[in-house]
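So the structure is just underneath, and the comments pick up after that.
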Amino acid sequence: MKSRFILVALSLCVALAFTGCKTRKPSPDMTKADPASLVGGSGGGSGGSETLDTTTFTPGGPDANDPNNPGARSAGWDDVSRQQRGVLQSIYFDYDQSGVRPSEREKVQKAFEYLTANPTDKLLLEGHCDWRGTTEYNLSLGDRRAVSVRQFLEQLGIAPDRLQTLSKGDLEAKVNGSDSDMTEDRRVELIVVK
């Protein structure tokens, strides 16, 4: 009986060893399918307890690559030639947080003023995280950060159809970066779309 128990236990160990779970890095355009469902103030606790819908999402919308929907790409969100980086300053966040810090609110105000002065321009809000945490958690956190800035701009009066969110999570973060590197990685980039 004892040898049979040991044999079963060994069989289970071998089976578990060969069926282990491998985490792969998703493509940069993977994020939450419905960013509006993540109303965020803080990033949460330890990370990893959240459920993440990894439906592929492109800035042009969920049907942007559908050949039967020719109007989907007309928004131009994913047209790199229409994107201008560096026009507006990035918004920086505290570790594991998605609420806009009081010290960063002036940058959101400047984005509002820019969009008001340029009524045909749009804004792609690209959420980023530092390298710590799982890829899935960081994609979710980057999404919450982008949605937080989006909600702030909407409250100031920017129409929702002029704003789009995209999470890059930790895909562009410096792995094992210094404290200053990680501070720079925790941001939402404000990308003007002409």
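Tabulated data
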read-out	value
Any hit, segment 139-157, residues being over 21 Å from Val192 (Cβ atoms) and either charged (D, E, K, R) or in a strand (DSSP E or B) (or both)	yes
Scan of segment 110-131 for residues that are assigned to a loop (DSSP other than H, G, I, E, B), out of contact with any Phe, Trp or Tyr (no Cβ under 8 Å at 6 or more places or on another chain) and surrounded by fewer than 24 Cβ atoms within 10 Å (Cβ to Cβ), ordered by number	Asn118, Pro119, Thr120, Trp131
Residue in segment 159-167 that is at pLDDT 95 or above, within 22 Å of Ser180 (Cα to Cα) and charged (D, E, K, R) present	no
Flag for Gly86 being open to solvent by 20 Å² or more (accessible area, probe 1.4 Å) and within 17 Å of Val193 (Cβ to Cβ)	yes
Candidate set from segment 132-154 (those that are among the basic types (Lys, Arg) and buried (at least 24 other Cβ atoms within 10 Å of the Cβ)); member that is farthest from Ile191 (Cα to Cα)	Arg144
Subset of segment 86-123 (residues that are of a type in the set (D, E, K, R), out of contact with any Ser or Thr (no Cβ under 8 Å at 6 or more places or on another chain) and farther than 18 Å from Ser167 by Cα)	Arg101, Glu104, Arg105, Glu106, Lys110, Glu113, Asp121
Pairs with Cβ under 6 Å, 6+ apart, first in segment 119-139 and of a type in the set (Lys, Arg), second open to solvent by less than 50 Å² (accessible area, probe 1.4 Å) and at pLDDT 95 or above	Lys122/Arg162; Lys122/Val193
Output for segment 89-109, where each listed residue is among the charged types (D, E, K, R), surrounded by fewer than 15 Cβ atoms within 10 Å (Cβ to Cβ) and assigned to a loop (DSSP other than H, G, I, E, B)	Asp94, Arg101
Looking only at segment 158-176, and only at residues there that are part of a loop (DSSP other than H, G, I, E, B) and in contact with a Ser or Thr (Cβ under 9 Å, 6 or more places away or on another chain), the one that is surrounded by the most Cβ atoms within 10 Å (Cβ to Cβ)	Asp170
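The values are calculated or read from the model by the stated rules, or taken from the named source; none is laboratory data. Just so we're clear, the structure is a prediction, and the values are computed from it rather than from any experiment. Note that each Cβ is placed from the backbone with ideal geometry, even for glycine, and that neighbours are counted across all protein chains shown. Keep in mind that these areas ignore ligands, DNA and RNA; they rest on the heavy atoms of the full protein, side chains included. Shrake-Rupley method; radii C 1.70, N 1.55, O 1.52, S 1.80 Å.
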